[in-house]
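*Asks:* Before I ask anything, here is the structure I am working with.
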Amino acid sequence: MNRIFRAACATTLLLFMAPGLRAAVAGERPSHSGATAAAAPEQDGASAPQPDETSRFRISGFATLGMVATGSRDVRFIRPSVNHPGGENPDFGPDTVIGVHGDISLGARAALVLQAISRESTLGSFDPRASLAFVSYALTPNVTVRMGRVRVPFFMLSETIDINYANPWIRPPTEVYSLNPFNELDGIDFLVRTGIGGVNIEIHPYYGSSILPIYQGGNSHLSNTRGLNISVTAGSLTLFAGHTESEFALKWSGNDFLALSAALNAVTPNAANILGKLSGNDGFSTFSALGAQWDDGRWLLIGEYTRLDSRRYTHDAHAWEVTVARRFGNFTPYLTLARHTEDKPVSTDMTGIPQIDDALRAFIASRNLSQRSVTLGTRWDFYRNTALKLEFNHARISGESWGSFFARDPMNARMRDRSINTIGVSVDVTF
Amino acid sequence: MHNTLGAFVFSVLALMTTAPLAGPPETQGKARPAEVVIVTSGGIKVLSREEAAQLFLGQRTTLRDGTPVTLIDLPAGPARNHFYRELTGKNPVQVRANWSRLVFSGRVRPPLEAGSQSEALELLARTPNAIGYLPANASDNRLKILLNLSGS
């Protein structure tokens, strides 16, 4: 069948093979069961020193097999700028992911962490990429510096965007989490932990750059990215605030954009001005996030507000989500309300030529993610380290926007103010 | 739409019918397990309850004086669940979700999971600066009791 389905099958296979891989590695430890502990001296030779358990390479992982079905034939659910618009319905592309994580300690203070992840990219490929690759060093017991590749830390739940087992939902609400789709930050960060009484505070400054390929070709690039996160935890409550500033470049080189550019250049002397608002390397953006979580074991409440201001190439927008979840034994039903609102479109310039303006409007609308939605779902922890999730989402696209959907026929898309239902089911594991 | 719905219903049914074969997770201990003690092989002199909770929640990886600590977990089961509930107030699903976030973001290493209670005892006795937990009656004279969780 098609490429995405094959990729999903490959991922599933990996998912079932990975525990075996881990067992093979774990089996090399001399003392992971009473029996091997007793046999270890014979295997290793009586004179061999007992290896320090703490310094050994450890491997573990996480995976999600997820599918999402859209109730309308002419649109596809996507995680904007994260995955490729699927050709299939239901689609395994948006939520299926597998990650393999390894770490090794380099003495008492330093550690090396490597993680590879495979998920559908904006180009439709499941090629694994390095999602973490850093050396950490504990400067003091409460200050750690990390150098290399870390997860982009823009959101409250950035660290678990791909680790769905750690979240109540199938995926973090797209209204909020599509507002800044970058994955990895190549650079340096500091984790400073402090506390007063029963209150734990983490201060997290970072600096680096990030690159993201975009659908049909081209890439977006954050550079000179600097930011600061502060999170405060007291008992069941966690508060989060983060702010980041970055230079920003966005280069479209896909066929649709090249066709649009050629058409604009042919009909208007203003083409360079219009295109300069859509694509180039002279952008600057700021992003802020405020969030709160309450988790007392029975109730899980999550709220987050995010805001993006950008000089060029992407719209200004803000988004929020509120989730209420309640645990009943192994079931955790949840309700999420979310909204993404555009504050300023990418561009409003038109040419006066109807056909070209239609194309321009379609392009600008596809860059607008405004929608609101309600999600009702449940998580079921039916087996150790395994959760099944089932959710229904009702989204209403706001104005000239595509929301978190992609029109199969972009030029003839009728997306304005539509309501679209999706159903998702997924299984998350950690191993 | 019909095919989509059919595929969806089939998937859900398939998942639901395979689930019971896998068995329920160990979220609810039925009988109250034995009292639990936090133990070390020596070297570590004192451990406050707050420090212990922070260690087993991954909020810190060293003692106050900077000594790095190796945590030893019992295998998944009622004794481990009881320990985490007593010390941190968190249920097994919360504990695993919390550790999966911390581990896969590369912030901390997870506790070493022993294959059995007796292996946990061996690991604790042999590993420098190890901290673990055992039912009170399972500890032996190689280990020092740092905290007793029976009081709560």
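*Asks:* Suppose every Lys and Arg Cβ carries +1 and every Asp and Glu Cβ carries -1, with no other charges. What dipole size does the range B:33-151 come out with about its Cα centre, to the nearest 20 debye?
*Replies:* Computed about the Cα centre, the dipole is about 340 debye.
*Asks:* Give me, ordered by chain and number, the residues 5 or more places off A:Arg109 or on other chains with an amide H under 5 Å from its own placed amide H.
*Replies:* The answer is none.
*Asks:* Calculate one ³J(HN,Hα) per residue across the range A:348-363 by plugging θ = phi - 60° into the Karplus curve 6.51 cos²θ - 1.76 cosθ + 1.60, and present them in order as whole Hz with x for glycine and proline.
*Replies:* Each residue of the range A:348-363 in turn: 10, 5, 10, 9, x, 9, x, 5, 5, 5, 4, 5, 4, 5, 5, 4 Hz.
*Asks:* Further question: Taking each residue of A:375-388 in turn, how many C-beta atoms of other protein chains fall within 10 Å of its C-beta, and what is the average? Working shown, then result.
*Replies:* Values: counts 0, 0, 0, 0, 2, 4, 8, 9, 9, 11, 5, 4, 4, 4.
Across the residues of A:375-388, the mean count of other-chain Cβ atoms within 10 Å is 4.
*Asks:* Loop-only check: which GluC sites (Glu not before Pro) in the range B:28-126 are DSSP coil with at most 15 other Cβ within 10 angstrom?
*Replies:* Within the range B:28-126, the qualifying GluC sites (Glu not before Pro) (loop, at most 15 other Cβ atoms within 10 Å) are B:Glu35.
*Asks:* Amide H of A:Arg418 versus every other amide H placed in the peptide plane: which residues, excluding those fewer than 5 positions away on the same chain, fall under 5 Å?
*Replies:* Here A:Ile397 satisfy the definition.
*Asks:* If you place +1 on the Cβ of every Lys and Arg and -1 on the Cβ of every Asp and Glu, how big does the dipole about the Cα centre of the range A:246-308 come out, in debye to the nearest 20?
*Replies:* 200
*Asks:* Moving on to the next point. Can you list the HN-Hα couplings for the range A:103-119, worked out from phi with the Karplus curve (6.51, -1.76, 1.60; θ = phi - 60°), rounded to whole Hz and with x for Gly and Pro?
*Replies:* Per residue, the Karplus-derived 3J(HN,Hα) values read 9, 9, 8, 10, x, 6, 10, 10, 8, 10, 10, 10, 9, 10, 10, 10, 8 Hz.
*Asks:* Given the rule -39500 (n - 2.57) for each run of at least 4 DSSP H residues, summed and divided by the residues of chain A, what is its mean residue ellipticity at 222 nm, to the nearest 500 deg cm²/dmol?
*Replies:* Values: 6 runs with 74 residues, N = 431.
Taken over chain A, the calculation gives -5500 deg cm²/dmol.
*Asks:* Using a basic spin-label model with each label point 7 Å from the Cα along Cα→Cβ, how many nm lie between A:Asp417 and B:Ala136?
*Replies:* 7.0
*Asks:* Could you check what % of the DSSP bridge pairs in the range B:33-151 are antiparallel, to the nearest 5?
*Replies:* 70
*Asks:* Tally Lys and Arg at +1 and Asp and Glu at -1 over the other residues with C-beta under 14 Å from the C-beta of B:Thr88: what net charge comes out?
*Replies:* 0
*Asks:* To the nearest 10 square angstrom, how much accessible area does A:Leu335 have with a 1.4 angstrom probe?
*Replies:* Estimated to the nearest 10 Å², A:Leu335 gives 80 Å².
*Asks:* How charged is the neighbourhood of A:Asp127? Take every other residue with its Cβ under 11 Å from the Cβ of A:Asp127, and add Lys/Arg as +1 and Asp/Glu as -1. Don't jump to the answer; show the numbers that get you there.
*Replies:* On the way: positive: A:Arg119, A:Arg129; negative: A:Glu120.
Surrounding charge for A:Asp127 is +1.
*Asks:* Another question, if that's okay. If the elastic network links every pair of Cα atoms under 10 Å, which of A:Ala69, A:Ala407, A:Ala110 fluctuates the most in the Gaussian network model of chain A?
*Replies:* Evaluated over chain A, the most mobile residue of the options is A:Ala110.
*Asks:* What residues of the range A:112-152 lose no less than 40 Å² of accessible area with every protein chain in place versus their chain by itself (probe 1.4 Å, heavy atoms only)?
*Replies:* A:Pro141
*Asks:* Got the relative contact order for chain A handy, in percent, Cα pairs under 8 Å and 6 or more residues apart?
*Replies:* Computed over chain A, the figure is 14 percent.
*Asks:* I've got another one for you. Using a 10 Å cut-off around each Cβ of peptide A:182-190, what is the average number of partner chain Cβ atoms that fall inside?
*Replies:* That average works out to 0.
*Asks:* How far, in nm, would the chain grow between A:Arg311 and A:Ala108 when pulled straight, counting 0.36 nm per residue and subtracting the alpha carbon separation? Don't skip to the answer; put the middle values down first.
*Replies:* Values: separation 203, 0.36 × 203 = 73.08 nm, distance 4.52 nm.
Between A:Arg311 and A:Ala108, full extension yields 68.6 nm more.
*Asks:* Can you tell which of B:Tyr84, B:Leu143, B:Ala125 lies farthest toward the positive end of the dipole of the range B:33-151, using +1 and -1 charges on the Cβ of basic and acidic side chains (Lys, Arg; Asp, Glu)?
*Replies:* B:Tyr84
*Asks:* Taking beta carbons within 10 Å but only from partner chains, what does the mean come to for residues B:93-99? It would help to have the intermediate numbers written out before the result.
*Replies:* Values: counts 11, 5, 0, 8, 13, 2, 2.
Mean partner-chain Cβ count within 10 Å for B:93-99: 6.
*Asks:* Over the range B:33-151, with the other protein chains present, what is the accessible area per residue in square angstrom, probe 1.4 angstrom?
*Replies:* About 36 Å² of surface per residue is accessible.
*Asks:* Further, regarding this structure: Given a Förster distance of 51 angstrom, what is the FRET efficiency for A:Asn273 paired with A:Arg396, based on the Cβ-Cβ distance and rounded to 0.05? Don't jump to the answer; show the numbers that get you there.
*Replies:* Numbers: r = 34 Å, r/R0 = 0.66.
According to the calculation, E is roughly 0.90.
*Asks:* Keeping all protein chains in place, calculate the accessible area per residue for chain A (probe 1.4 angstrom), answer in Å².
*Replies:* With all protein chains present, chain A gives 41 Å² per residue.
*Asks:* How much length is gained if the chain between A:Arg408 and A:Ser236 is pulled fully straight, taking 0.36 nm per residue apart and subtracting their Cα-Cα distance, in nm to one decimal?
*Replies:* 57.5 nm
*Asks:* Counting only Cα, what are the radius of gyration and maximum Cα-Cα distance Dmax of chain A, in Å?
*Replies:* Here Rg and the maximum Cα pair distance are 23.4, 86 Å.
*Asks:* Hey, any idea what % of the range B:33-151's accessible area is carbon plus sulfur with a 1.4 Å probe? The partial results should precede the final answer.
*Replies:* Numbers: 2200 of 4300 Å².
The nonpolar share, carbon plus sulfur, comes to 51 percent.
*Asks:* Another question about this same structure. For A:Arg151, list long-range residues whose amide hydrogen, built 1.01 Å from N in the peptide plane, is under 5 Å from its own amide hydrogen.
*Replies:* A:Leu185
*Asks:* I've got another one for you. Under a no-solvent Debye model with one identical scatterer per Cα of the range A:281-431, what's log10 I(q)/I(0) at q = 0.12, 0.18, 0.20 Å⁻¹?
*Replies:* -0.66, -1.11, -1.22
*Asks:* By how many nm would the segment from B:Ala76 to B:Ser118 grow when fully extended, if each residue of separation counts as 0.36 nm and the alpha-carbon distance is taken off?
*Replies:* Numbers: separation 42, 0.36 × 42 = 15.12 nm, distance 1.41 nm.
This chain segment gains 13.7 nm when fully extended.
*Asks:* Something else now. Loop-only chymotrypsin sites (Phe, Trp or Tyr not before Pro) in the range A:216-253, please: DSSP not H, G, I, E or B, and at most 11 other Cβ atoms within 10 Å.
*Replies:* Here no loop site has a sparse enough neighbourhood.
*Asks:* Within straight cross-link reach of B:Lys45, meaning Cα distance under 14 Å, which aspartates and glutamates are found once same-chain residues fewer than 8 apart are removed?
*Replies:* B:Asp65
*Asks:* So what J values fall out for the range A:242-253 if you push phi through Karplus, 6.51 cos²θ - 1.76 cosθ + 1.60 with θ = phi - 60°, rounded to Hz, Gly and Pro as x?
*Replies:* For the range A:242-253, the Karplus curve yields x, 9, 9, 10, 7, 6, 9, 10, 9, 10, 8, 9 Hz.
*Asks:* Same structure, new question: Summing both sides, how much accessible area is buried between A and B? Use a 1.4 Å probe and give Å² to the nearest 100.
*Replies:* 4500
The values are calculated or read from the model by the stated rules, or taken from the named source; none is laboratory data. Bear in mind the structure is a predicted one, so any value in this text is a computation, not a measurement. With ideal geometry, Cβ positions are generated from the backbone for all residues, glycine too; neighbour counts draw on all protein chains shown. Only protein heavy atoms, including side chains, enter the accessible area calculation; ligands, DNA and RNA are left aside. Shrake-Rupley method; radii C 1.70, N 1.55, O 1.52, S 1.80 Å.
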